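Heads up: the structure comes next, in structure tokens.
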């Protein structure tokens, strides 16, 4: 299956009415659409480049980083990229555009729509799990340091809850 067919299969699986733009000269194909995620409209691009042997997915946030918050956004995005397990990366352009990006080499792999589904699922999960922090840093006066402190508190609470659960299970008599 070629990349154009893979992208068409992804569209069909999602029951979207979108079309794939195909550039016959370059062998590139592209899907450009809007998707609803966490009650917001995100912009999705899927690009297949047969000649370069790559499949790319870009998911753009519905808001931009406001002036004066670029450094905070970069620091948060570096933290998210380094601390959480997503197959792509989140970044921000000099114009404040927030984008999740994943590119895979397609040489010697079976091309199926599930490749795009997995990439798309990872991008959605990243925004679902971190959109509040991203929006806080990008759109408000809240600093990276304050958001980072929130993550530390959540992590400590999660560890305490896990330790309490483990302690409870150790105190309970084993039954056979």
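Every number here is computed from the coordinates shown, using simple stated rules; none is lab data. Since we're looking at a predicted model, the values are computed, not measured. Counting neighbours? That spans all protein chains shown, and the Cβs are built from the backbone with ideal geometry, glycine included.
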Distance from region 116-139 to region 154-170 (C-alpha centre basis), Å: 27 Å
Percent of Cα pairs exceeding the 20 Å cut-off, where the set is region 1-62: 26 percent
Principal-axis tilt of helix 113-139 within the chain, Cα atoms, nearest 10 degrees: 50 degrees
Kirkwood hydrodynamic radius of the chain, Cα pairs, Å: 18.4 Å
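Residue separation times 0.36 nm, minus the C-alpha to C-alpha distance between residue 16 and residue 87: what's the value? Each step should come with its number before you reach the end.
Values: separation 71, 0.36 × 71 = 25.56 nm, distance 2.42 nm.
The residue 16-residue 87 span can extend by a further 23.1 nm.
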Can you compute the equivalent ellipsoid semi-axes for region 12-100, i.e. the square root of 5 times each eigenvalue of the Cα gyration tensor, sorted largest first and rounded to whole Å? 27, 16, 13
Tilt of helix 70-83 relative to the longest C-alpha principal axis of the chain, in degrees (0 to 90, nearest 10)? 80 degrees
In whole angstrom, how far apart do the alpha carbon centroids of region 6-33 and region 39-91 sit? 20 Å
Which stretch or stretches of region 29-47 have amide N atoms under 17 Å from the point lying 7 Å from residue 129's Cα along the Cα→Cβ direction? 38
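Determine the calculated [θ] at 222 nm for the chain from helices alone, applying -39500 (n - 2.57) to every DSSP H run no shorter than 4 residues and normalising by the residue count; nearest 500 deg cm²/dmol. Please list the in-between numbers first.
On the way: 4 runs with 80 residues, N = 176.
Result for the chain: -15500 deg cm²/dmol, rounded to the nearest 500.
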At q = 0.11, 0.13, 0.25 Å⁻¹, the log10 of I(q)/I(0) for region 74-151 from a Debye sum over equal Cα scatterers comes to -0.34, -0.45, -1.25
Of the DSSP beta bridges with both residues in the chain, give the percent that are antiparallel, rounding to the nearest 5. 100 percent
